[in-house]
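The next block holds one structure in the form of structure tokens; read it before the comments.
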Amino acid sequence: MDGSRLTISILAHVDAGKTTLAESFLYLGGVIRKPGRVDNRDSFLDNHDIERERGITVFSKQAELVFSGRKVTLLDTPGHVDFSAEMERTLQVTDYAILVISGSDGVQSHVVTLWRLLKLYKIPVFIFVNKMDQPDNNPDIIMDELKNRLAPECVDFTHCKDKSGGDFYEEAAMCSEEALDEYIGTQAVSAGTITEMIRNRKIFPCFFGSALKITGVSEFMEGIGTYTRTPVYGGEFAAKVYKITRDNQGNRLTHVKLTGGSLTPKMIIDGEKVNQIRIYSGEGYESVNEASAGEICAITGLDNTFCGQGLGEEPDSDAPMLEPVMVYRLILPDSCNVHDMYNRLRQLEEEEPELQIEWNEQAGEINVKLMGEIQTGVLERIIRERFDTKVSFDAGSIVYKETIARMTEGVGHYEPLKHYAEVHLIIEPAERGSGVTIETDCSEDELAGNWQRLIVSNLSDKVHRGVLTGGELTDVKITVVGGRAHLKHTEGGDFRQASYRAVRHALMKAGCVLLEPMYSYRLEISADMIGRAMTDIQKMHGTFGEPSADGEITYIEGVCPVATMRGYHTELAAYSKGMGRLFCSLCGYGECHNPEEVVSCSGYDAEADIANPAGSVFCSHGAGVYVPWEQVEDYMHVEKKYIGRDIKPEIPAAAYHSEPESYQAVSLHGFSDKELEDIFVKTYGEIKHKRETAVKRTVDYDRPPEPRSHEAKRNSSAKKAKEDYLLVDGYNIIFAWDELKDLAADNLDSARTKLLDIMCNYQGYKNVTVIVVFDAYRVKGKSREVMEYNNIHVVYTKEAETADQYIEKTVHKLGGNHNVTVATSDALEQIIIFGQGAVRLSAAGLLAEVRAVEEEIRDIQYNNSLKS
């Protein structure tokens, strides 16, 4: 046995057989004499009473065993979505992950969430398809689903040891250039190359078997032993805290993975002394005198550690991606002191950070944020056992968040007597799921660098609240653009106050958009009930794609608000007589479907929120004076920063693609025409051609226009009537529309052709001259090419000419004599073309029009068929 060690986490959707597979590992590894069963309540790792009663994994557990001569620490994680945060914490200490897929259920919605997390944490993955002892489970069908729903690089490793298995080597070779070169030369791919591919997430090995029957498990363990390698660790002490618990005697345990050096008792860490080092395996543990890099252990003696903390040379982790979406009011017995219970629950919060215990000062109540309803039952049990108090929870409500719809500038000023600070910042919308990002774009000649860093630190430390319901602010970018300090009177706390007030001031000016948590769901139901299910989803304000069928079962997938889909499992079971199944997983936040109702029910008053003031404090006659937010800009000391100055549209990295070079910039479709005109004039000077009134681009349902022939087009040109032109930035639209973006990932030519076909349909109905422009400026020696594609014009720009440049020139030529519309979501381009007299249309706006036209054409065809 070599001395190398791996940490492997095992993940799955609930009931996929994850714990059963872990029991098989332990049995084959010689750790246990007989594999336990979840339904028998005797499994080695699900050893807590709560887990045995409920038959699910609730707490992550550790086991020590050997895979093919290599020491492995196996971390068994919860599969139920309510305990996803417990699972996510283990990922920060994981070297490799095992993803268990049920052969009966395939890739369920929570599996997709797990896959996204594994990609985010850059963890290499081995896939085990379980329950293959059931007769209807077909490996070929499951492999197709894995490739389509997870990654094309999922490869069946069942025959990887078969040297005559040329198909395996060929499929593996297609996953990387290095492997392909090796395969061409030797007609095989070496184990070392495959190991590196797995480590770099270029290939995902898939094994099949039955954990219950222990078939295929030995081969799976051997594959893991063959195709993994141990990380290289540094010599200096470093460790990552991933969990805090308490043992039966109440001792606080800090669970860490050593990522460098070694750890011994009596060692001092951040001023605290290590008392004992424990290596757990199931319920039992072994006390050791030293733990080395790569090992996972529990430490006693550390009282100030927290989940995600880095010790020694290890940095702290980022905030977890999964977070609670429900908030429950804790109901206490009459004899219980609410303040004492609050302090006790803070102890639980450090063990389970996702709980997020909150004190409602106004109501004098304790609120607890949780992932779901099952978690409330577990928490009730823990509180009863730990604190001898019987509590309950109310029905719970949704955790809403807020963002903004447009860019705005905020000012915060804090100047009571002998204090001084002023902060100017710009807040702009960011893409969904990005959270809050903070940057500076301020000269140190205006505000010293140390003050700027303090402002960023203050902004990062606070959970900023929106102005609609007081929900957490998210999906925004905050840029510090100015400020002022006083040589004598400014203290650090002054900038904290000014920064918070500047954010609040900006939110009051811009207004907020309410966001609600969304489920990604998969509904399985018999074909005769599909109509009822689709109607229900529409009533719940959900969306769905094209239904798919497998025999008598129909599958629907889509997105739906958590608020409306809660409890639908019960309704589904009732009308489907238990035959329907619904799988849900959280997929982030989206715009709220009923914001007025939610805001009204919340009763939140932004101006009465004394903990988050929007006004500023100025000094007058030797005393501090509060100035309401509407008047702050009249009193501020630093000149207001114009929001368009020196703020260039940020290009998301994901928007770049290899051929040709193009990008999507931040869309400005949230700005009014007057705002865009102001930005253009400030940046480029007065507009030379005032544009015509925007052409109404909605579908006339009463009298649709007849498609116009080329002859009619020539006649209308001769009459010098103002012709309608639509210029389309081709690649910008392709990479803004999800359907075309996905197609372009496989074949860019197909995406181009698809866009052109869509625009041909659109032109035939709308009677506009359509010109689609594609970049070719990186193609060496390329001259401009103009061609006709059916009834539209297509332009490929010449070398050193971008689509933006061509569109700007064309708008300049046509803008004075024709009605010109430009379809793009490139922010800078929108501003430029606006100044040339054109009408702007975002990518989302064009898509909406295309959809409306397609719907109208279908209606016409349907009406014509009835007449005939």
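The values are calculated or read from the model by the stated rules, or taken from the named source; none is laboratory data. Only a predicted model underlies this, so the values are computations on that prediction, with no experimental measurement involved. A quick note on method: Cβ atoms are made from the backbone with ideal geometry, for glycine too, and the neighbour counts reach across all protein chains shown. Only protein heavy atoms, including side chains, enter the accessible area calculation; ligands, DNA and RNA are left aside. Shrake-Rupley method; radii C 1.70, N 1.55, O 1.52, S 1.80 Å.
Hey, any hits in the stretch 111-121 for a residue that's touching a residue at least 12 places away in the same chain (Cβ under 8 Å), among the charged types (D, E, K, R), in a loop (DSSP other than H, G, I, E, B) and farther than 12 Å from PHE208 by Cα? The answer is no, given that none of the residues of the stretch 111-121 is touching a residue at least 12 places away in the same chain (Cβ under 8 Å), among the charged types (D, E, K, R), in a loop (DSSP other than H, G, I, E, B) and farther than 12 Å from PHE208 by Cα.
Restricting the stretch 60-78 to residues that are within 17 Å of VAL217 (Cβ to Cβ) and among the charged types (D, E, K, R) leaves a set whose member that is farthest from the chain's Cα centre (by Cα) is ARG70.
Quickly run through the stretch 433-447 and pick out the residues that are more than 30 Å from LYS401 (Cα to Cα), open to solvent by 40 Å² or more (accessible area, probe 1.4 Å) and touching a strand residue (DSSP E or B) at 6+ places or on another chain (Cβ under 9 Å). Spell out how you get there, then give the answer.
Narrowing the stretch 433-447 to residues more than 30 Å from LYS401 (Cα to Cα): 443-447.
Pick out the ones that are also open to solvent by 40 Å² or more (accessible area, probe 1.4 Å) and you get 443-446.
SER443, GLU446, listed by residue number.
Give me the strands (runs of 3 or more DSSP E) completely within the stretch 258-330, filtered to those with at least 3 residues that are free of Cβ contacts under 8 Å to residues at least 40 places away in the same chain and within 24 Å of ASP76 (Cβ to Cβ), ordered by residue number. I'd like the intermediate steps shown before the answer.
Values: elements: 276-281, 284-288, 296-300, 310-312.
In the stretch 258-330, the matching strands (runs of 3 or more DSSP E) lie at 276-281, 284-288.
Being at pLDDT below 85, surrounded by 24 or more Cβ atoms within 10 Å (Cβ to Cβ) and closer than 24 Å to ARG278 by Cα holds for only one residue in THR77, THR90, THR57, THR73, and it is THR57. One residue stands out in the stretch 211-230 among those that are within 33 Å of the chain's Cα centre (by Cα) and not in a helix (DSSP H, G or I): the one that is surrounded by the most Cβ atoms within 10 Å (Cβ to Cβ), namely ALA211.
Could you grab me the full set of residues in the stretch 349-395 that are among the basic types (Lys, Arg), under 16 Å from PHE83 (Cβ atoms) and modelled with pLDDT of 85 or more? Before the answer, list the steps.
To start, the set of residues in the stretch 349-395 that are among the basic types (Lys, Arg) comprises 369, 381, 384, 386, 390.
In the following step, the residues that additionally are under 16 Å from PHE83 (Cβ atoms) were identified as 369, 381.
The answer is ARG381, and nothing else.
Scanning the stretch 11-35 for residues that are among the acidic types (Asp, Glu) and touching a strand residue (DSSP E or B) at 6+ places or on another chain (Cβ under 8 Å) gives a single hit, ASP15. Residue count for the stretch 557-579 under the criterion of being under 19 Å from MET529 (Cα atoms) and modelled with pLDDT under 85: the result is 7.
With the requirement that a residue be open to solvent by less than 60 Å² (accessible area, probe 1.4 Å), among the hydrophobic types (A, V, I, L, M, F, W, C) and within 24 Å of the chain's Cα centre (by Cα), what does the stretch 392-425 give you?
ILE398, VAL399, ILE404, MET407
Among the residues of the stretch 828-868, those identified as at pLDDT below 75, of a type in the set (Gly, Ala, Ser) and in contact with an Asp or Glu (Cβ under 9 Å, 6 or more places away or on another chain) are GLY835, GLY837. Note on the stretch 494-611: enclosed strands (runs of 3 or more DSSP E) holding 1 or more residues that are crowded, with 21+ Cβ neighbours inside 10 Å are 513-526, 553-561, 581-591.
Filter the stretch 448-473 for residues that are of a type in the set (Gly, Ala, Ser), in a loop (DSSP other than H, G, I, E, B) and open to solvent by less than 20 Å² (accessible area, probe 1.4 Å); which is farthest from GLU358 (Cα to Cα)? Looking at the filtered set, the residue picked out is GLY466. Checking the stated criteria, ASN450 turns out not to satisfy the condition of being under 27 Å from the mean Cα position of the chain (by Cα) and of a type outside the set (Phe, Trp, Tyr).
Considering only residues in the stretch 120-153 that are in contact with a strand residue (DSSP E or B) (Cβ under 6 Å, 6 or more places away or on another chain) and among the aromatic types (Phe, Trp, Tyr), the one that is surrounded by the fewest Cβ atoms within 10 Å (Cβ to Cβ) turns out to be PHE126.
Could you tell me whether the stretch 773-794 includes any residue that is in contact with a Pro (Cβ under 6 Å, 6 or more places away or on another chain), within 23 Å of ASP738 (Cβ to Cβ), at pLDDT below 85 and not β-branched (Val, Ile, Thr)?
So in the stretch 773-794, the residues in contact with a Pro (Cβ under 6 Å, 6 or more places away or on another chain) come out as 775-776, 778.
Checking which are within 23 Å of ASP738 (Cβ to Cβ) leaves us with 775.
From what is left, the residues that are at pLDDT below 85 are 775.
In the following step, the residues that additionally are not β-branched (Val, Ile, Thr) were identified as 775.
Yes; the residues of the stretch 773-794 include at least one that is in contact with a Pro (Cβ under 6 Å, 6 or more places away or on another chain), within 23 Å of ASP738 (Cβ to Cβ), at pLDDT below 85 and not β-branched (Val, Ile, Thr).
Is there any pair with a first residue in the stretch 727-741 that is open to solvent by 10 Å² or more (accessible area, probe 1.4 Å) and a second that is not hydrophobic (A, V, I, L, M, F, W, C) whose Cβ atoms are under 6 Å apart and which are 6 or more apart or on different chains, and what are they? Correct list of pairs: PHE735/GLN664; PHE735/LYS741; ALA736/GLN664; ALA736/SER825.
Surrounded by fewer than 22 Cβ atoms within 10 Å (Cβ to Cβ), in a helix (DSSP H, G or I) and under 31 Å from the mean Cα position of the chain (by Cα): is that true of THR245 in this structure?
Working: surrounded by fewer than 22 Cβ atoms within 10 Å (Cβ to Cβ): yes; in a helix (DSSP H, G or I): no; under 31 Å from the mean Cα position of the chain (by Cα): yes.
Criteria not met by THR245.
The set of residues from the stretch 376-426 being of a type in the set (Asp, Glu) and either in a loop (DSSP other than H, G, I, E, B) or on the phi > 0 side of the Ramachandran plot (or both) comprises ASP388, ASP394, GLU415. A search for C-beta distances below 7 Å between a residue of the stretch 128-147 that is within 16 Å of ASP550 (Cβ to Cβ) and free of Cβ contacts under 8 Å to residues at least 24 places away in the same chain and any residue that is open to solvent by 50 Å² or more (accessible area, probe 1.4 Å) and polar (S, T, N, Q), counting only pairs 6+ apart in sequence or on different chains, returns nothing. Is one or more of the residues making up the stretch 179-199 in contact with a helix residue (DSSP H, G or I) (Cβ under 6 Å, 6 or more places away or on another chain), farther than 30 Å from ILE382 by Cα and in a loop (DSSP other than H, G, I, E, B)? The answer is yes, given that some residue of the stretch 179-199 is in contact with a helix residue (DSSP H, G or I) (Cβ under 6 Å, 6 or more places away or on another chain), farther than 30 Å from ILE382 by Cα and in a loop (DSSP other than H, G, I, E, B).
Scanning the stretch 310-335 for residues that are surrounded by 16 or more Cβ atoms within 10 Å (Cβ to Cβ) and either closer than 22 Å to ALA395 by Cα or polar (S, T, N, Q) (or both) yields a count of 11.
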